[in-house]
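One structure below.
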Amino acid sequence: MNEPRSSFGSASLGEIAIVARGFEREHKILSSAEIYNSDTGTWESLPRMHRPRTMCSGVFMDGNFYVVGGIGVGHTVLTCGEMYDLGTRTWHVIPNMSPPQLHAAPMFAVVKNEIYAAFYAAFYSGNEVMKYGKGMNLWSKVRSLSERLARPWGMAFSAYGDQLIVIVCKPSLMNASQMKGPYSGTYWPLTMNQESRTSKICLL
């Protein structure tokens with residue numbers, strides 16, 4: 001990586017990966033981004049983004065890279081997103097692409113070029129899985145998450161083929177000193193309200 005950073009947004013697509021923004025060594029919030037090519041093993045700096053931010057999330061959708069949410073200069077909560085067009089090598093600001101969050105990056109997953117997000121009450125207004133409407137720039141509710149799944153720590157949200165996976169750690173394992181060795185998982189299918197796909201929950 002050309003510029004050391006932490007708490008950045010990132011995503012991969014085929015042989016490339018993009019990392020964007022984050023903190024540098026002196027905790028300055030960055031507006032820079034870089035692309036990595038695994039075929040050549042090289043990093044390339046991209047044009048600077050419009051707004052510095054950290055603790056953000058990154059995803060690829062429709063062949064473009066998106067950075068969403070995060071904290072800006074002066075601890076400002078950012079609700080806008082930015083899209084990087086790989087063809088034109090330009091960044092575009094998307095207003096109101098993310099609801100405000102407090103202390104954690106938004107949890108996003110992409111299935112069939114559609115962005116889904118897991119929102120939990122500790123940082124958002126409810127415990128929900130929501131889908132982003134690209135054309136209208138609006139979020140719509142897919143289903144609720146139960147209270148036992150709505151924990152900001154020990155929770156993962158990811159795409160798995162054409163499905164969404166929510167992984168939650170048991171409360172008894174939330175203490176880091178107890179998290180040793182592999183834990184067997186149990187799965188429950190959850191039917192999504194708006195589509196015929198299912199998500200699965202694994203309690204580790």
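Just so you know, all these numbers are worked out from the coordinates, no wet-lab data involved. Nothing here was measured: the structure is a model prediction, and the numbers come from that model. In this analysis, Cβ positions are derived from the backbone assuming ideal geometry, glycine residues included, and neighbour counts consider all displayed protein chains.
Where does the charge balance sit around C80 when Lys and Arg score +1, Asp and Glu -1, over other residues with C-beta under 15 Å from its C-beta?
+2
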Completion exercise
With the dipole of the stretch 1-105 defined by +1 on each Lys or Arg Cβ and -1 on each Asp or Glu Cβ, the option from I18, V73, G41 whose Cα lies farthest towards the positive pole is V73
Handout entry: Burial ranking of peptide ranges 64-73, 77-86 (average Cβ count within 10 Å, highest at the top)
Key = 64-73, 77-86
Practice task
Using R₀ = 45 Å, calculate the FRET efficiency as 1/(1 + (r/R₀)^6) where r is the Cβ-Cβ separation of N2 and K112; round to 0.05.
Solution key: 0.85
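Could you compute the net charge surrounding N2? Neighbours are other residues with a C-beta less than 12 Å from the C-beta of N2; K and R count +1, D and E count -1. Mind showing how you got there, number by number?
On the way: positive: R5; negative: E3, E24, E34, E44.
My count for the surroundings of N2 gives -3.
So how do 9-17, 135-143, 54-62 stack up, highest first, on mean other-Cβ count within 10 Å? Numbers along the way, then the final one.
Working: 9-17: 16.7, 135-143: 12.3, 54-62: 21.6.
Result, highest mean Cβ count within 10 Å first: 54-62, 9-17, 135-143.
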Completion exercise
Net charge (Lys, Arg +1; Asp, Glu -1) of residues whose beta-carbon lies under 15 Å from that of G63, G63 excluded, is -1
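For the stretch 1-105, divide the Cα radius of gyration by the Kirkwood radius and give the resulting Rg/Rh value with two decimals.
Working: Rg = 12.8 Å, Rh = 13.6 Å.
Checking Rg against Rh, the ratio lands at 0.95.
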